[in-house]
Amino acid sequence: MVLTTIADGVLDVTRGIYHTGADLLGEPTIRLGVTGLARSGKTVFITSLVANLLDRGRMPHLLAASEGRVAAAYLQPQPDDTVPRFDYEAHMGALTGQPPRWPDSTRAVSELRVSLRVKPNGLLAGLQGPRTIHLDIIDYPGEWLLDLALMDQSYEDWSAGTLKRLEKRAAGGVYRAAVAAADCAAPLDEVAAKKLAAAFTEYLHGARAAGFYDCTPGRFLLPGDLAGSPVLTFAPLPPGDAPRRSLRREMARRYEAYKAQVVRPFFRDHFARIDRQVVLVDTLGAIHSGPAAVEDMRAAMVDILGAFKPGRNAFLTRLFRGKRVERILFAATKADHLHHSQHAQLSAIMEALTREARDRARFAGAQTQALAISALRATTEETRMHDGAPIDMVRGTLLESGKQAAFYPGALPDDPSHILSPAQSGAQKWLDQDYENMRFAPAPLTLRPGDGPPHMRMDRAVQFLIGDRL
Ligand SMILES: Nc1nc2c(ncn2[C@@H]2O[C@H](COP(=O)(O)OP(=O)(O)OP(=O)(O)O)[C@@H](O)[C@H]2O)c(=O)[nH]1
Ligand SMILES: [Mg+2]
């Protein structure tokens, strides 16, 4: 324990020097975290963000750009040698290919540095030349944030909580049977340990698919390069005797190893260094899946906000040492599935969910905002007459069939509580509406020089996230 604490201190010191060095050169760095659950739109968001920072023709609401103060933007080697680079060129290549396609799924942390040459405004405008500001963008799976709860929990506590939830869930049947059949006080048998871990992982996948969010440990769902390693070969067991070398004792040891070797480095090396954060949420997808999925999403936002409030967790408080994330944007992604006449409603739902989550997490600190965005616009809008009344639709190429189709997803309510209340009271389905979701293929792009890919409100998102620093 003492050793790791000292080692952390040394690391922090070296980092401090590094940062001070960059600041002495007058080159401030902003670290922007981008997170969200699987398939929420992280990769497309970062790709579009970077492309639209390099070519700023479609960024009128990014003030530094519209005031003509951004003299140049370019990609640079990232500062962290051990973190994979966000593969911007490959993702952009997919989106602009013939035919265009969505980028592949990504499963781990990655990072990219965009540097901006920005002319100062206000009083300094005439006195100083352009400064360089580095924007380090860090893409990490939202699932990993949930592991924070483990840091203050013993193996016994985590097991008890997990087994209790598992009792009530259909997906837990196989694992319950596996635990009942296991002799936890017997000497460790690696085959038995692997079987239990596999059954437990199955349960987590089942629970996640059924819309449950509290599926720790996060790496069991997204193992990255740790798949099959002993730190991922453990599972919760009921309390009882735990003689030396027993299955129970070894499971507890591996749980602690997971915390020390997987969770702690992630929070120390990535999370604790973030200045600004965007949390992407597939809100329309959740509404389409029904009230339970919306309720689950709300709970997720409470947990995520909790992670940004260091005072809650002793481990985080030590890591942050008074530093905090300054701004958090909650963005409802894929808004191009809706005609713009409904975007206000989508934003209002996101806003209400954020406010709720903020209250529940008793969160105070960072500035937060909610926004409906589309990182890459895949549809066009049209209004058609139906039974003598106009309806606002979107048109695009369907991903499955490759056919063109116009699509009306259903009317979102003006009052967000019509979505939030049924979700909270455990309704099985929406009362007065059906919402449909469709997957569109990305549209072929022909970009004018100086223009990035078409989007919705990415410029407002960037303005909120970093505009004050430019
Ligand atoms: N229409 C539309 N679809 C989008 C948009 N952004 C993302 N999508 C869809 O959402 C899918 C997931 O987007 P990604 O950016 O790969 O999501 P991710 O969070 O990086 O996903 P993982 O890497 O698997 O965790 C894409 O394949 C698209 O189908 C958007 O702006 N508009
Ligand atoms: Mg991705």
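The values are calculated or read from the model by the stated rules, or taken from the named source; none is laboratory data. On a predicted model such as this, the values are computed, not experimentally measured, just so you know. Here the Cβ positions follow ideal geometry from the backbone for every residue, glycine too, while neighbour counts run over all protein chains shown. What goes into the accessible areas is simple: the full protein's heavy atoms, side chains included, and nothing from ligands, DNA or RNA. Shrake-Rupley method; radii C 1.70, N 1.55, O 1.52, S 1.80 Å.
Among the residues that make up the stretch 183-195, is at least one of them within 26 Å of Met297 (Cβ to Cβ) and out of contact with any His (no Cβ under 9 Å at 6 or more places or on another chain)? For the stretch 183-195, residues within 26 Å of Met297 (Cβ to Cβ) and out of contact with any His (no Cβ under 9 Å at 6 or more places or on another chain): absent. Only residues that are open to solvent by 20 Å² or more (accessible area, probe 1.4 Å), of a type in the set (A, V, I, L, M) and either more than 13 Å from the chain's Cα centre (by Cα) or away from ligand 2 (no atom under 16 Å from the Cβ) (or both) were counted across the stretch 102-137, and they come to 4.
Note on the stretch 438-452: residues that are surrounded by 11 or more Cβ atoms within 10 Å (Cβ to Cβ) and assigned to a loop (DSSP other than H, G, I, E, B) amount to 10. Which condition does Gly97 not pass, out of (1) under 27 Å from Ala443 (Cβ atoms); (2) touching a residue at least 24 places away in the same chain (Cβ under 8 Å), if it passes all the others? Of (1) under 27 Å from Ala443 (Cβ atoms); (2) touching a residue at least 24 places away in the same chain (Cβ under 8 Å), only one is false for Gly97: (2). Within the stretch 388-421, if we keep just the residues that are hydroxyl-bearing (Ser, Thr, Tyr) and within 26 Å of the chain's Cα centre (by Cα), the residue that is least open to solvent (accessible area, probe 1.4 Å) turns out to be Ser417.
Exactly one residue among Val279, Val294, Val302 is outside any helix (DSSP H, G or I) and under 28 Å from Val325 (Cβ atoms), and that residue is Val279. Based on what the data block shows, is Tyr140 out of contact with any Leu (no Cβ under 7 Å at 6 or more places or on another chain), surrounded by 14 or more Cβ atoms within 10 Å (Cβ to Cβ), under 30 Å from Arg268 (Cβ atoms) and of a type in the set (Phe, Trp, Tyr)? Yes; evaluated as a whole, the condition is true for this residue. Considering the stretch 288-341, and only residues there that are over 25 Å from Gln153 (Cβ atoms) and touching an Asp or Glu at 6+ places or on another chain (Cβ under 7 Å), the residue that is most open to solvent (accessible area, probe 1.4 Å) turns out to be His340. Tell me whether the stretch 152-161 contains one or more residues that are among the hydrophobic types (A, V, I, L, M, F, W, C), within 16 Å of ligand 1 (Cβ to nearest atom) and surrounded by fewer than 17 Cβ atoms within 10 Å (Cβ to Cβ). For the stretch 152-161, residues among the hydrophobic types (A, V, I, L, M, F, W, C), within 16 Å of ligand 1 (Cβ to nearest atom) and surrounded by fewer than 17 Cβ atoms within 10 Å (Cβ to Cβ): absent.
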